[in-house]
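What follows is a short report on a single structure.
The values are calculated or read from the model by the stated rules, or taken from the named source; none is laboratory data. In this text, all values refer to a predicted model and were calculated from it rather than measured experimentally. Here the Cβ positions follow ideal geometry from the backbone for every residue, glycine too, while neighbour counts run over all protein chains shown. Note: areas computed on protein heavy atoms with side chains; ligands, DNA, RNA excluded. Shrake-Rupley method; radii C 1.70, N 1.55, O 1.52, S 1.80 Å.
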Amino acid sequence: LYLASEEVGCLDEEGNSVNCDRKVYGFRPSSLLTNLAVITGLIAAVLNPIVGAVIDFTDHRHALGCAVAVAIILIQAIQTYTVSSTWFAMAILQAVVGFLFEVFLMVAYAYLPELAFEVGEEKMKKFSPKFIMSQFFFQSIHLVVVLAISMALDTSAAVTAQISQGLISVSLCVFFGLSWFKFLPKVKAKRPLPEGKSLYTAGFSQLFQTVKLINKEYKNSLRPFLLAVLFAESGTTAFIVCAVTYMNEVIKMTSSETGVAFLIVLVSIIPGAWFSAFVTTKTNMKNSWRINLLYYSVATGIGAWLMKDESSKIVTYVMAMCWGFGLGWYYSVQTAFFSVLMPQEQASEMSGLFSFAGIVLSWLPPLVFTAMNESGIHMRYGTLHLVAYFLIAVVFLSTMPDWEEILTESHHKSSEESNTEKRDEESQQEEVVESQPEEVVES
């Protein structure tokens, strides 16, 4: 964003963004991040079924995770060379790595229902917030280190980004290496690839069949849950991208000030994840997530109206704390909800559909934000429109019945299908025995 603004002369003498109608590659520099989000969302939505097919129909789930992890590390290392002459190529790579990260999440999420089945609902309630707290704790440490180096050396936004990318590349080598090459196991295919179908056609066919199954058998549990994910996730993902643009263009924050704001977000995520476990224990996952989305809607609406210009930096820091708290709560309860609700026998295809629901509309909010920005509409309204996605998700969650009824439908159907599969296997074995010659059967 800084380098794009620099190229068309939309920076002041101190390197801060100024109001500017000049365009680079047909768009305002302020539309760069949201355009990248649109491209990433569209690519991910189109290719998601293929990735799901690889996870479902092949033995390569673990290998895919390893390959994607290595690719992400390599791109992060390449992006350390982000300078004025290479920023556009690096922006394209950022769109690619955004898609790769969605694939990474799909593979990782495929392990969650299996983990929930192993440890049970109660332990999963405790594990999920710990996952989120650990994730954002280490992100906070990274941001603190980068900010400290930036302030000590008084580096520009571009140099700060290079330092950050270098540190990320090294840390990912360690953590991705431990995750994929030591801890996560290799997994066999859940089912054979249907005869006469490729991974591409099988992926879309499987997606369609899973949607039909949910619409028929899980009307009160999985169907409203996934519809809520469809809108809530698109709004949440877009919010993070839009917030960076808003802070840079409207609040006129420097790279260091934006870094401090996101450090506050990351630190606030930790108590938010803890609070998620508290609320979920006192109520249930459905009500906890519904309250969280209402909270996030109110916080976003208040923030959009109070954060007006450069004089609103203190307000921005306060809102960053509120948003971080909401994000920690959001991701904790959503992940736990998914892990407990998914039938174990359909864990693979349900994981794929869960990932698909989270990204299929992810391009829409940033596209609307970009269109409003290019039309000269204040970014406040572009940010405010995200509330609509959260409220639509609340409506779908509100259509779900009581928690016990949700679990009964989900797990009862799962048990019935498991028993049906066992009976079919026994029937097939009996048919095979009956078709054998008598002497072979006796032997």
Treating only the Cβ atoms of Lys and Arg (+1) and Asp and Glu (-1) as charged, compute the dipole magnitude of the range 135-253 about its Cα centre; round to the nearest 20 debye. 820
Over the chain: helical MRE at 222 nm, DSSP H runs n ≥ 4 each giving -39500 (n - 2.57), nearest 500: -26500 deg cm²/dmol
Under 12 Å from the Cβ of VAL211, count the other residues' Cβ atoms, weight Lys and Arg +1, Asp and Glu -1, and hand me the total. +1
Just add up the charged neighbours of LEU32: K/R +1, D/E -1, any other residue whose Cβ is under 14 Å from the Cβ of LEU32. -1
Given pairs LYS125/LYS313; LYS125/LYS188; LYS126/LYS313 and cut-off 31 Å on Cα-Cα distance, the over-length ones are LYS125/LYS313; LYS126/LYS313
Summed side-chain charge close to THR82 - residues other than THR82 whose Cβ falls under 14 Å, Lys, Arg +1, Asp, Glu -1: -2
Quick check: pseudo-label points 7 Å beyond the Cα along Cα→Cβ at PHE181 and GLN135, how many nm apart are they? 2.4
Measure off 7 Å from each Cα along the Cα-to-Cβ vector at VAL244 and LYS216, then give the distance between these two points in nanometres to one decimal. 4.4
Could you tell me the distance between the Cα centroids of the range 120-168 and the range 208-254, to the nearest Å? 23
Enumerate the whole-percent occupancy of each 5 Å bin, from 0 to the last occupied one, for all C-alpha pair distances of the range 1-102. 2, 11, 18, 18, 16, 12, 9, 6, 4, 2, 1, 0
Size of electric dipole in the chain: Cβ of Lys, Arg +1 and of Asp, Glu -1, about Cα centre, debye, nearest 20: 1360
Positive dipole terminus of the range 268-361, leading residue within THR300, LEU361, LEU341 (C-beta point charges): THR300
Of the DSSP H helices in the chain, the ones reaching 30 Å or more along their long axis in Cα terms and averaging at least -1.0 in Kyte-Doolittle hydropathy are 32-57, 87-109, 121-153, 157-178, 222-249, 255-282, 285-306, 313-341
Of the residues LEU11, ALA71, TRP87, the Cα lying farthest along the dipole of the range 1-146 towards its positive end, which is defined by charges on the beta carbon of Lys, Arg, Asp and Glu, belongs to ALA71
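What's the carbon and sulfur percent of the chain's accessible surface, probe 1.4 angstrom, rounded to a whole number?
Numbers: 13370 of 20700 Å².
Whole-percent figure for carbon plus sulfur exposure: 65.
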To the nearest 20 debye, what is the magnitude of the charge dipole of the range 1-133 about its Cα centre, counting +1 on the Cβ of each Lys and Arg and -1 on the Cβ of each Asp and Glu? 180
What FRET efficiency would be calculated for the residue pair THR283, ILE92, taking the C-beta separation as r and a Förster radius of 51 Å, to the nearest 0.05? 0.70
Shape descriptor, the chain: equivalent ellipsoid semi-axes (Cα gyration tensor, sqrt 5λ, whole Å, largest first) stand at 43, 25, 20
